[in-house]
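Working notes, beginning with the structure itself.
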Amino acid sequence: MAATSKIYLPDAKLVWVPADVLSSNDNTVRVAKYVPDPTTKLDDETPSSTEEVVLKEPFASVESLPLRNLDLPDAGADDMVSLDYLHEASVLYNLRRRYFAALPYTYTGTMCIAVNPYKWLDLYSEENRLQYAK
């Protein structure tokens with residue numbers, strides 16, 4: 001894997017953390033991590049830390065780490081079939097983007113995933129309701 005590859009790194013607290021590979025040597029990798037604040041949308045422009053990480057099974061090599069999808073809109077992908085890399089980390093981070101964009105419905109093909117926004121959204125206005133009543 002090339003240096004500065006955009007990957008997801010396993011994390012004990014957050015499950016997956018976006019990171020950029022700066023360098024690697026066997027099972028040791030130096031990364032710039034983008035640790036998200038759980039209360040705000042992800043800032044994937046400014047790394048929150050740079051550190052050296054020892055990789056462990058099942059991701060014992062840098063080549064086995066899941067790759068990040070590039071050039072996603074701020075609102076994420078409305079249908080995850082369009083993602084270049086569809087795996088656990090990309091699903092979770094796409095749903096996170098959609099959550100912070102107040103878009104609770106996301107598709108994977110014909111399957112709809114609904115994430116509770118924990119607040120009232122103006123999705124079911126009279127105009128929207130009538131649009132789907134036909």
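The values are calculated or read from the model by the stated rules, or taken from the named source; none is laboratory data. Because the structure is a prediction, the values reported are computed rather than measured. Please note: Cβ atoms are built from the backbone with ideal geometry, for glycine as well, and neighbour counts cover all protein chains shown. Just the protein is used for accessible areas: all its heavy atoms, side chains included, with ligands, DNA and RNA removed. Shrake-Rupley method; radii C 1.70, N 1.55, O 1.52, S 1.80 Å.
Observations on the model:
- Taking the range 87-113 as the range and being at negative phi and of a type in the set (A, V, I, L, M, F, W, C) as the test, the residues that pass are Ala89, Val91, Leu92, Leu95, Phe100, Ala101, Leu103, Met111, Cys112, Ile113.
- Scan of the range 7-42 for residues that are open to solvent by 20 Å² or more (accessible area, probe 1.4 Å), of a type in the set (A, V, I, L, M, F, W, C) and either modelled with pLDDT under 85 or over 24 Å from Asp74 (Cβ atoms) (or both), ordered by number: Ala12, Leu22, Leu42
- Flag: Tyr132 does not match the condition of being of a type in the set (Ser, Thr, Tyr) and either outside any helix (DSSP H, G or I) or surrounded by 13 or more Cβ atoms within 10 Å (Cβ to Cβ) (or both).
- Filter pass, Glu45 being more than 16 Å from Tyr107 (Cα to Cα), assigned to a strand (DSSP E or B) and open to solvent by 70 Å² or more (accessible area, probe 1.4 Å): no
- Failed condition for Tyr85, given (1) closer than 24 Å to Ser23 by Cα; (2) at pLDDT below 95; (3) assigned to a loop (DSSP other than H, G, I, E, B): (2)
- Residue that is surrounded by the most Cβ atoms within 10 Å (Cβ to Cβ) [pool: residues in the range 48-85 that are among the charged types (D, E, K, R) and in contact (Cβ under 8 Å) with a residue 60 or more places away in the chain]: Arg68
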